[in-house]
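The values are calculated or read from the model by the stated rules, or taken from the named source; none is laboratory data. The structure displayed is predicted, hence computed values, not measured ones. Don't worry about glycine lacking a Cβ; one is built from the backbone with ideal geometry, like all the others, and counts go over all protein chains shown.
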Amino acid sequence: MDIVVLVKQVPNTTEVRIDPKTGNLIREGVESIINPEDRHALEAALQIRDNTGGKVTVLSMGPPQAIDGICEALAMGADRGILLSDRIFAGADTWATSTTLGRAIRKIEQFDLVLAGRQAVDGDTAQIGPQVAEYLGIPQLTYVQKLEVREGAVIAERALEDGCEHIEAPTPVLVTVLSSLNEPRYPTVAGLIDSTRPRAPIEIWNGADLGVKAYEVGLAGSLTQVVKTFTPKGARNTQYLEGSPAAVAAQLIDALRKKEIRLGE
Amino acid sequence: MANLLCDERDVKFVLYEQLNIEELCESEKYSEFSRETFDMVLDAAVKLAEKEIWPTNADGDQKGVILEQGAVKVPESFHNAYRLYCEGGWSLLAVPPDMGGQGFPSVLNCAAVELFSAANQAFMMYPGLTIGAARLIEKYGTEDQLREYMDRMYSGEWAGTMCLTEPQAGSDVGALRTKAVKNPDGTYKISGGKIFISAGDHDLTENIVHMVLARVEGAPPGTRGISIFIVPKKRVENGELVDNDVICAATEKKLGIHASATCALNFGEKDNCIGYLLGAENEGMRIMFNMMNEARLAVGIQGLAQASAAYMHALRYAKERVQGPEIHALKDPTAPKVPIIYHPDVRRMLMWMKCVTEGIRALIYYAGYCEDRIHAAKSEEEAAKYQGFLDILIPICKSWSSDMGFRVTELAIQVHGGYGYCREYPVEQFMRDSKICSIYEGTNGIQALDLVGRKLAVKQGALFKSIVAETGNLLKNASKNYRLKDIVEPFAQARSQLVEVTRYFGLKSITEDFMIPVLYASPYLELFGDLAVGFMLLWQAVIADRRLEEIYNDAKADTPEKKAEVLRTNRSAAFYRGKVASAQFFSNTFLSLSKGKARAIMSGERSAIDLPEESFALF
């Protein structure tokens, strides 16, 4: 089974701080990591390949330094890495990103399964997977916590708010996964050396390679524009209730009712 | 949140800005590598250390090892960590490629091992000793021995140990009695008992290969009659593993590293223990000494690692723990309470821990770097120069690092107050685990004698002179920078004190008073270590000061206020400022004591040896 895994380089959010003056993220000195859920997608792909054969291609879009994530994926065991990097891709929203990734997957041609993390920790949109599936015109299975592969089909267990559902879908299919799916393996030292060698199986594709026009991708191809980012001011209005426990309880219930907060049946 | 095992920024500063290890990649030996590879390996090491090895640390401490029917079980959590460690190829990091390893420079290995040891020192004993034993076989083994043992040990499939100590033969290894009798087929029958064997038995691997020092029948007494044998726990017969009559009789109950099995091993109780000679008969000590530098550096790394983890934990605690108001508002009961890092005495302790930890790190990595420069040298002269540095610095790396590293862990408890004394926080474990470093692999007293009795004497003091010359070059360079004046002066003074004491030792050693250098070998090593670490920190300060000035200039920060603003908002600037401060603090609190320390040594005070034994106390 040939598998394409979508991987995003994201800032290590546990290290990100906010400049109290400007409200902007302080990115200086913050390392980039593979988006945590994408690692689980990669692990799933590697396990499937190890069991059934085939090839795992890691696909990422980002600035040249995003190649680090691809190297790490190769060191974990991926067979091929492709980085989509071009100035015209910059500033893309999820629509433009999905378009670009979709074009790249079409160019790869041979694939049975596209795997991705549910969402990235920096944007939290969870839109890329579904939009890429739409672009490619293939079925999509999201929020997958168990995955099984059969001849020409996959069977997935999707996590829902109130339970889970089992779905079978024919390949080619796109699956976005949750971190409960598996435990990602670590890169090996030998793998890290191989992945940073000049002969490492990494390709960098630009806009011309994909045959896209500048207005289709990047900021120009985006349907949404960011107007402003800011940290919401959390103004708290603390009210102290005093008296006997019964009196405090009564006051509390009144206060909640006043705010039209339902207290249940 | 950065990891709590080591300051990654400082690690990278030493590797790339101070030692500039990328230059090593220009040599053919390391041409495969690049900064990119180094970075990726370090990042991967951090992840493995933090996520997989660190969680086994407290568990191992609490559970320890279990000895049942002559077999030792390690804590269950170690099995998964060991598997990941071996599968990842971490034991092979600095093993040469022609032996199946990755061939990374030693200096990078130092950084990785620091991380893993900080995560769990007891755990690292198992792969650490295996590599040490495998290296011996690599260097002295026959082709059959390489194939049979070394490959399996490097991959972690089999483990290894070093069996030197016996009840009557500890520091006095020449007194050992384990016997080897030659069999007609060229193998030897081994009998005897060894104690304090780290990783002596366990269930991480199906076989353990012991490197055993023993005396062949009829060999001369003392160290000259010692041979070294490969004695596997299970020997291979007709392609199958059979029991080789090696029994674990006991495991020690220890202060620290509870999960490292410290075993008493009995060889040949049933007269069925076979050993295979490594190298030639009576060459055991020479062979073992070959591995001394590496093993002692490894213990130095352990001292560093525990200090590093202790400092990071203490720092975090000091930033989080709120207690009392700031000192100038002490009498105002309504003043807001502050984290204890605001209190001067806590700051002083943290500063002490910071500069000592950073100094040890630089010194240890530098030793690793010297090893790499020997391998990458373009001429024999260059190789000899770095070999000389390494030889004289090894006892200091081992002792200063373990002694001062221990004190860092002790201060970490102090910073934590009562909580630090409790098991709820990991710092008390750091201290207990760290203590062994000043004892094993040659006690620090032995290291001091090695420095004074052996290393100073090499080629009429040539090693000492070369290292003093090296410090002179730095001094010259640093003296040009007026901003470093406060650091340079105590350093220059400490340097002359060390030279003076060394001369004094030289004179004493050729007179009847030769006991003085022996008696004061340890204080001398401390003085030497102060200077060596001061050298590293001054070197770093020269670089950091330059970088900091560049950042100030770029930000057009020409007033104290603007500089303070840069330090608040620019993490690199804050880091470099911290580096300069480490050197300054060290100069003024350690190096400024050199004069007193030198005077104490040169007082020739002999009470300790002259006093009759009976006068120490009445029993």
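Within the range B:359-378, is even one residue touching a Ser or Thr at 6+ places or on another chain (Cβ under 8 Å), of a type outside the set (Lys, Arg) and either within 30 Å of B:TYR419 (Cα to Cα) or not in a helix (DSSP H, G or I) (or both)? Checked against the condition, which is being touching a Ser or Thr at 6+ places or on another chain (Cβ under 8 Å), of a type outside the set (Lys, Arg) and either within 30 Å of B:TYR419 (Cα to Cα) or not in a helix (DSSP H, G or I) (or both), the range B:359-378 yields at least one hit. Can you find a residue that is surrounded by 18 or more Cβ atoms within 10 Å (Cβ to Cβ) and in contact with a Pro (Cβ under 7 Å, 6 or more places away or on another chain) anywhere in the range B:106-114? No. I'd like to check something: does the range B:42-52 contain any residue that is away from chain A (no Cβ under 14 Å), in a helix (DSSP H, G or I) and surrounded by 15 or more Cβ atoms within 10 Å (Cβ to Cβ)? So far as the range B:42-52 goes, no, none of its residues is away from chain A (no Cβ under 14 Å), in a helix (DSSP H, G or I) and surrounded by 15 or more Cβ atoms within 10 Å (Cβ to Cβ). Looking only at residues of the range B:53-80 that are assigned to a strand (DSSP E or B) and touching an Asp or Glu at 6+ places or on another chain (Cβ under 7 Å), we find that the one that is nearest to the other protein chains (Cβ to nearest Cβ) is B:LYS73. Considering only the range B:550-568, I want to know if a residue exists there that is in contact (Cβ under 8 Å) with a residue 24 or more places away in the chain and either of a type in the set (D, E, K, R) or surrounded by 12 or more Cβ atoms within 10 Å (Cβ to Cβ) (or both). So far as the range B:550-568 goes, yes, one or more of its residues are in contact (Cβ under 8 Å) with a residue 24 or more places away in the chain and either of a type in the set (D, E, K, R) or surrounded by 12 or more Cβ atoms within 10 Å (Cβ to Cβ) (or both). Of everything listed in (1) within 19 Å of the chain's Cα centre (by Cα); (2) without any contact (Cβ under 8 Å) to a residue 40 or more places away in the chain, the single unmet condition for A:MET76 is (2). For the range B:549-589, the tally of residues that are within 14 Å of chain A (Cβ to nearest Cβ), over 27 Å from B:ILE360 (Cα atoms) and of a type outside the set (A, V, I, L, M) stands at 4.
Taken over the range A:133-149, the criterion of being on the phi > 0 side of the Ramachandran plot and not in a loop (DSSP other than H, G, I, E, B) is satisfied by A:TYR143 alone.
Taking the conditions (1) out of contact with any Ser or Thr (no Cβ under 6 Å at 6 or more places or on another chain); (2) at pLDDT 90 or above; (3) closer than 22 Å to A:GLN127 by Cα in turn, A:ALA247 satisfies each one other than (3).
Of the strands (runs of 3 or more DSSP E) contained entirely in the range B:134-233, those carrying at least 2 residues that are within 30 Å of B:ALA94 (Cβ to Cβ) fall at B:159-163, B:188-198, B:208-216, B:226-232.
Evaluated against (1) surrounded by 13 or more Cβ atoms within 10 Å (Cβ to Cβ); (2) more than 18 Å from B:LEU531 (Cα to Cα), B:ILE510 falls short on exactly one condition, (1).
Residue-level analysis places B:VAL209 outside the set of residues that are surrounded by fewer than 24 Cβ atoms within 10 Å (Cβ to Cβ) and in contact (Cβ under 8 Å) with a residue 60 or more places away in the chain.
Exactly one residue out of A:LEU181, A:LEU219, A:LEU141, A:LEU136 is aliphatic (A, V, I, L, M), away from chain B (no Cβ under 14 Å) and farther than 27 Å from A:ILE67 by Cβ: that is A:LEU141. For the structure I just gave you, tell me whether B:LYS47 is farther than 22 Å from B:CYS370 by Cα and in contact (Cβ under 8 Å) with a residue 12 or more places away in the chain. So B:LYS47 fails the test. Looking for something within 14 Å of another protein chain (Cβ to nearest Cβ) and not in a helix (DSSP H, G or I) - is there at least one such residue anywhere in the range B:590-604? No, the range B:590-604 has no match at all.
Residues in the range A:155-183 that are under 15 Å from A:VAL114 (Cα atoms) and of a type in the set (S, T, N, Q): A:THR171, A:THR176.
Being buried (at least 23 other Cβ atoms within 10 Å of the Cβ) and among the hydroxyl-bearing types (Ser, Thr, Tyr) is the filter here, so list the residues in the range B:413-467 that pass it. Result: B:SER434, single match. Take the residues of the range A:159-178 that are part of a loop (DSSP other than H, G, I, E, B) and out of contact with any strand residue (DSSP E or B) (no Cβ under 7 Å at 6 or more places or on another chain): which is nearest to the other protein chains (Cβ to nearest Cβ)? Top of the filtered list is A:GLU161. Residues in the range B:96-128 that are outside any helix (DSSP H, G or I) and more than 21 Å from A:MET76 (Cα to Cα) were compared, and the one that is farthest from the other protein chains (Cβ to nearest Cβ) is B:ASN120. Exactly one residue out of A:LEU256, A:LEU147, A:LEU252 is within 30 Å of A:GLY77 (Cα to Cα) and surrounded by 10 or more Cβ atoms within 10 Å (Cβ to Cβ), and it is A:LEU147. Of the residues making up the range A:52-97, those that are among the charged types (D, E, K, R) and part of a helix (DSSP H, G or I) are A:ASP68, A:GLU72, A:ARG87. Applying a threshold of 8 Å to beta carbon distances and a minimum spacing of six or more residues, or different chains, the list of pairs starting in the range B:243-261 at a residue that is without any contact (Cβ under 8 Å) to a residue 40 or more places away in the chain and of a type in the set (D, E, K, R) and ending at one that is buried (at least 16 other Cβ atoms within 10 Å of the Cβ) and not in a loop (DSSP other than H, G, I, E, B) reads B:ASP243/B:LYS234; B:ASP245/B:PHE267. Note on the range A:184-210: residues that are part of a helix (DSSP H, G or I) and within 11 Å of chain B (Cβ to nearest Cβ) total 7. For the range B:1-30, the set of residues classified as among the small types (Gly, Ala, Ser) and away from chain A (no Cβ under 13 Å) consists of B:SER27 only.
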